[in-house]
Amino acid sequence: MTANPHDPSPAARRRALDAFLAGVAGSPWAAHLVLRGSALLRAWFGAAAREPGDLDFVVVPDTLDLYHHRGEELLDGVMEAAERASRADTAPGPRVAFRSEWADFEDRWDYDGENPGRRFEVPYDVDGGGSGVLQVDFAFRERLPVAPEPTEIPRADGGDPATVLAVTPALSLAWKLLWLVNETPPQGKDLFDAVLLAERVYLPADLLVRTFELADTTNPRPVTEASLRAALHRAEETWSAFREEELPDGPATSAPFAARLLAALHPTFDAPREPR
């Protein structure tokens, strides 16, 4: 184990993530938190997915306000629940203990400056020495085009999974495509995740349209085959850094993944859309 506070062992980092999820699942706020992101892809697809490094939640309903006492109560309660869960965790392996009272946070806003969110950096101690920080994001006032589903998140140590509300695989894919088309430059990690999803999940064309309509970006570009193809050419700018950090055995360029994504999305782009 390393004493570097930002580089604990992989096992300790995953133990912290699992402990936080256990806290969420066992808290009175579980029905208000919807998981999305890399931890969810790992739960669905196992080792084929990237190793999760942080947690990302959408707070529901979208009428719940970060700056209302109810929003602050939710965040305080979740932090306390995560700390209790970490200290009660007796599974084998490197034990961690959150120190929620020392958590740093910053408020973050969507592209329109309307929908707030909060990012926490939650410190934890590792049994036997060392420490780390878990990043946890909470998005408020974000509308979901489809209802979340209860989802089991397996623990890395094989213990009892945490059951939390989570977005669907199809919505995860729709968001990935929206980000690929609208971020400058598109991120290699989003291309990788989108391929993983698209080759395993069917994305209804109408859900893609609905996700675009609810997007929190200013004047977002719609996701079409043409706009996605153009974005994938720009993904090369970030691919080498992503490959070096997370996919050392991957292809030298993003082109093979871009081709796989476009091929996997033919059923979506070719499907007739319902009149709106």
Full-stretch length increase - Val201, Val146 - with 0.36 nm per residue and alpha-carbon distance subtracted: 18.3 nm
Segment Arg221-Asp76, length gained on full extension (0.36 nm per residue, minus Cα span): 48.5 nm
For the chain, what is the mean residue ellipticity at 222 nm derived from helices alone (per DSSP H run of n ≥ 4: -39500 (n - 2.57); sum divided by total residues; nearest 500 deg cm²/dmol)? -12500 deg cm²/dmol
Taking amide H positions as placed 1.01 Å from N in the peptide plane, with prolines and chain starts having none, which residues 5 or more places from Leu134, or on another chain, fall under 5 Å of its amide H? Val122, Tyr124
For Cα extents along the principal axes in Å, with candidates (1) 54, 44, 31; (2) 72, 49, 38; (3) 54, 39, 32, the value calculated from the shown model is option (1)
Gained length - Asp249 relative to Asp137, 0.36 nm times residue gap less alpha-carbon distance: 37.3 nm
Result row for the chain, helices from DSSP H with C-alpha axial extent 18 Å or more and mean Kyte hydropathy at least 0.0, is 10-25, 169-182
Ala11 paired with Arg99, simple spin-label distance in nm, labels 7 Å along Cα-to-beta-carbon: 2.3
Under 13 Å from the Cβ of Pro185, count the other residues' Cβ atoms, weight Lys and Arg +1, Asp and Glu -1, and hand me the total. -2
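We did not get these values from a lab; they are worked out from the coordinates using the rules stated. Predicted, not measured: the structure shown is a model, and the values here were computed from it. Counting neighbours? That spans all protein chains shown, and the Cβs are built from the backbone with ideal geometry, glycine included.
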